[in-house]
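Notes to accompany the following structure.
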Amino acid sequence: MAATLPPPRLLPSGDSAVTVEFSRTIDDAANQRVLALDKALAASPIDGITETVPTYRSLLVHYDPGKIGFEALGEKILPIATQPLPPATRTRRWRIPVAYGGEHGIDLEDIAKALSTTPDDIVARHVAGDYKVAMIGFTPGWSYLSGLDKSLHMSRRQNPRLLTPAGTISIGGIQAGIQCLAAPSGWHLLGRTPVRTYQLHRNPTFLTEPGDRVTFFAIDHKTFEEQDRAAEAGEIIAEQVVA
């Protein structure tokens, strides 16, 4: 029988939420436990829980304090959170097109110079990656990805931009990301994708989910414009890979 795992920390977050913290740093093993607990609570709901929000290293659990208190909720969560991880299941895989460099990836040349290589090499390293959606956050559809090649790890920009384009594909620190909506960012901009990971009146509204796998492939800027128009009309554009 597999041994139970070390217990997470239970941290009160106001009077109606608890943070179940598995690590204090970005960690793939911790993220596996976060997503496993999230799925377990969805499969066997605890009365009083109103919502769960997975992040890289913790699960935020909102609850109704009129139905259950912090201590009682913690007593129910801990045995679930310390169970061995379930066997790996088949996950969704997405292939996402990216127009790299130029007006769509204004930091590509500078990244190449900083890493003493060429823009083509940076693109090759980026498309070679096999990424996992670790969490969705910041703005709707913003997909935080683990799995960035160590050779592309870079500190974030010293001067964040107040506005970066919708669809930006970027890297920052040890992370990669898909930014759906125009927003501020301190990350380095490699390119843009026509894919909408969030589109309010489309079904599904959100395309990617925590636990999904993602790979990228390069397209030219003309193809980007064509696919961007199609995506605006509601097409998914991203290719779902059948395992």
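Rule-based calculations on the coordinates, nothing more; no lab input. As the structure is a computational prediction, the values presented were derived from the model and not from experiment. We place every Cβ from the backbone using ideal geometry, glycine too, and count neighbours over all the protein chains shown.
Entry note, the chain: the mean residue ellipticity at 222 nm calculated from DSSP H runs of n ≥ 4, each adding -39500 (n - 2.57), is -7000 deg cm²/dmol after division by the residues and rounding to the nearest 500. Along the axis of the charge dipole computed for the chain (Cβ charges of +1 for Lys and Arg, -1 for Asp and Glu, origin at the Cα centre), the listed residues LEU152, GLN83, THR168 are led at the positive end by GLN83.
For region 129-169 and region 67-98, write down the distance between their C-alpha centroids in whole Å. So the two Cα centres are separated by 23 Å.
Karplus-derived 3J(HN,Hα) values for region 201-206, using 6.51 cos²θ - 1.76 cosθ + 1.60 with θ = phi - 60°, are 9, 9, 10, x, 5, 9 Hz; glycine and proline are entered as x.
Between PHE217 and GLN240, the C-beta separation translates, for a Förster distance of 22 Å, into a calculated FRET efficiency of about 0.95. The charge dipole of region 15-167, taken about its Cα centre with unit charges on the Cβ of Lys, Arg, Asp and Glu (plus for the first two, minus for the last two), comes to roughly 320 debye. What is the Cα centroid distance between region 180-214 and region 1-55, reported in whole angstrom? Here the two parts' Cα centres lie 24 Å apart.
The mean sequence distance of close C-alpha pairs (under 8 Å, at least 6 residues apart), as a share of the length of the chain, puts its relative contact order at 20 percent. With each label modelled as a point 7 angstrom along the Cα→C-beta vector, the ASP64-LEU163 pair spans 4.2 nm.
Available extension along the chain between ARG93 and ASP27 is 21.7 nm, counting 0.36 nm per residue and deducting the alpha carbon span. Label-to-label distance, ASN203 versus ASP149, with points set 7 angstrom from Cα along the beta-carbon direction: 4.1 nm. Modelled this way, with points 7 Å down the Cα-to-C-beta line, the labels at THR139 and ALA233 are 2.5 nm from one another.
Given R0 = 22 Å, the distance between the Cβ atoms of THR82 and SER13 translates into a calculated FRET efficiency of 0.60.
Taking the alpha carbon gyration tensor of region 93-241, multiplying each eigenvalue by 5 and rooting it gives semi-axes of 22, 16, 15 Å, largest first.
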